[in-house]
Amino acid sequence: MLGYPIVFRKLIFPLMEGCQGTEIRKHLAWLKETQWLNRNEIEDIQNKKLKALIHHAYRNVPYYHRLFKSLELTPDDVRSKEDLSKLPVLEKEDIRKNLNQLIAQNIRKSRIIETQSSGSTGEPLKYYIDRASYSIGWAHTFRCWGWAGYGLGDPYVKISLSARTNFKKKIQDMLMNCSYIHFSDVSEKTLLRFLEVMKKGKIIRGFASSMYLISRLIKGRGIGEVPEPTAIMTTGDTLFPHYRETIESVFNCELFDGYGGESTPIAFECEEHSGYHLCDESVIVEFLKNGEEASPGELGSIVFTNLDNFAMPFIRYKVNDVGVKGEDCSCGRGLSLMKSVEGRNTDIVVTPSGRFIVVQFFANLFKYLEGVNQFQVIQDEIDKLEVRIVINERFRDSDEEYIFSKLKDQVGEDMDLIIKFVKSIPPTKSGKRRFVISNVSPF
């Protein structure tokens, strides 16, 4: 008797794609081949796609037609990824102000999907993608899951902050062999229920912060019967080193982190875990520092161009995250590498002397302090830093002295440092917790 994964791949998924008008399987087969091309061959794919996107945007997207005219450029002036610097960066506010003018006029409404970002740092961003872009985005995700041992039709668990209320989505979950967990709150009772569901998955997918919290609760309560999936797949928020260490030790498996923005797959870890492979076949990623491309190993603002979304082109879109460009991976794939994602622009504290302090420093500072339940760092002015802390009965006066001393060493004497003890630190509307909120731009 055929197992469900084989039936799914040969019968169910093709029927689903026919009903939904997607071509995920076709793109996935192509991506499994292109990942082994050399860097020059992959760049040829990028440049060919970029030229097609630029010509399309000029002809069919009012915003870009006006932009090219104002800059006295023609589509032939942007023929390769190196030419992208001739165009300005697209900001979130540009999209909000020009949403209707950014939609392509030649694509049928039936092929366009309306969606929005999570709004983790403020107001959610409304935007549009087409079904081709949706298809290849999922193909990239499934390719990455394949690096972790997953095959289409294998059982997996999705942990999400959103309740699954849509009947169509519930049917899709059932057909995809997906067990869904609505992670709104967790207690000892709900944790045990979550664990029973998690035992069903070959892989478990969730926000890094959610998986870390579940792992901490398992460890703290000494629960012995823990699911052992093939892999944990994290996404959605910053994966700190101590998150990875705790999650992998509790679930006794490898963790594969992924990164994307605005329905654009950007980068995923492979089995070597030496960085994040960029999804070069579908995206051009720039790491900018003061408007110029940052060097490998140097912190830069992440700007991407989605090469597949013709419904609403994202050309040089500033996603407001920062990362470090990498060099090569020993796995042999020709895909370029991002060394790390360091968080959002607003996750970086800037000192009066011009130093940058990334969110990982603060995470490492507090992770071993048993007397601290939560913390949050707020910077509204260049010379002032407020640190809010939720403490418990294990907090000591020496802990406060230690925190102040370590922070002062980093921020310097020319920054006013305030430590404030609070009862709680609420999450953002999206459910994500932000360790650092800086309103001082680092770049």
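Between amide H atoms placed 1.01 Å from N, distances below 5 Å from Val322 occur with Ile302, Glu342, Gly343, Arg344, Asn345, all of them 5 or more places distant or on a separate chain. Here each label is just a point 7 Å from Cα along the line to Cβ, and for Arg108 and Lys384 those points are 5.7 nm apart.
The peptide list 381-394, 46-59, 272-285, 97-110, put in order of mean Cβ contacts within 10 Å with the highest first, becomes 272-285, 46-59, 381-394, 97-110.
In summary, the convex hull built on the alpha carbon positions of the stretch 188-256 has an orientation-averaged projected area of 4.0 nm². In sequence order, the stretch 243-250 has phi-based couplings of 4, 4, 4, 5, 4, 5, 6, 6 Hz under the Karplus curve 6.51 cos²θ - 1.76 cosθ + 1.60, θ = phi - 60°, and Gly or Pro positions carry x. The amide H of Val283, built 1.01 Å from its N in the peptide plane, has Leu307 as neighbours under 5 Å, considering only residues 5 or more places off or on other chains.
Residues whose amide H lies under 5 Å from that of Met233, counting only those 5 or more places away or on a different chain, are Ile204, Arg205, Gly206, Phe256; hydrogens are built 1.01 Å from N in the peptide plane.
Within a Cβ distance under 11 Å of Ile419, other residues only, what is the Lys/Arg minus Asp/Glu net charge? Walk me through the numbers before you get to the answer.
Working: positive: Arg388, Lys408, Lys420; negative: Glu386, Asp399, Glu400, Glu401.
Charge balance near Ile419 sits at -1.
With contacts taken as Cα pairs under 8 Å and at least 6 residues apart, the stretch 349-438 reaches a relative contact order of 35 percent. Fewest-first ordering of Phe207, Phe356 by other beta carbons within 10 Å of each residue's beta carbon gives Phe356, Phe207. 3J(HN,Hα) couplings calculated from phi for the stretch 96-111 with the Karplus curve 6.51 cos²θ - 1.76 cosθ + 1.60 (θ = phi - 60°) are, in sequence order, 4, 6, 10, 3, 5, 6, 8, 8, 5, 8, 9, 9, 4, 4, 5, 9 Hz; Gly and Pro show x. Here the Karplus relation 6.51 cos²θ - 1.76 cosθ + 1.60, evaluated at θ = phi - 60°, turns the backbone of the stretch 379-393 into coupling constants of 10, 9, 9, 4, 10, 9, 9, 10, 10, 9, 9, 9, 10, 10, 5 Hz, with x for every Gly and Pro. In this structure, the residue pairs whose Cα-Cα separation is over 20 Å, taken from Lys26/Lys49; Lys109/Lys158; Lys367/Lys408; Lys158/Lys199, are Lys109/Lys158. Pull out a ≥ b ≥ c, the square roots of the eigenvalues of the alpha-carbon gyration tensor of the stretch 349-438, then state rounded if a/c is under 1.5, prolate if not and a/b is larger than b/c, and oblate in the remaining case. Note, shape of the stretch 349-438 comes out oblate. Can you pull a Stokes-Einstein diffusion coefficient for the stretch 37-143 at 37 °C (0.692 mPa s), Rh from Kirkwood over Cα pairs, as a whole number of µm²/s? Translational D for this selection: 209 µm²/s. Working note: 222 nm ellipticity from helices only, DSSP H runs with n ≥ 4, each -39,500 (n - 2.57), summed and divided by the residues of the chain, gives -10000 deg cm²/dmol to the nearest 500. The mean of 1/r over all distinct Cα pairs in the chain, once inverted, gives the Kirkwood hydrodynamic radius of 23.4 Å.
Any read-out appearing in this document is the output of simple, stated calculations on the displayed coordinates, not a laboratory observation. Quick caveat: nothing in here was measured; it's all calculated off a predicted structure. Here Cβ is always computed from backbone atoms with ideal geometry, including for glycine, and neighbour counts include all displayed protein chains.
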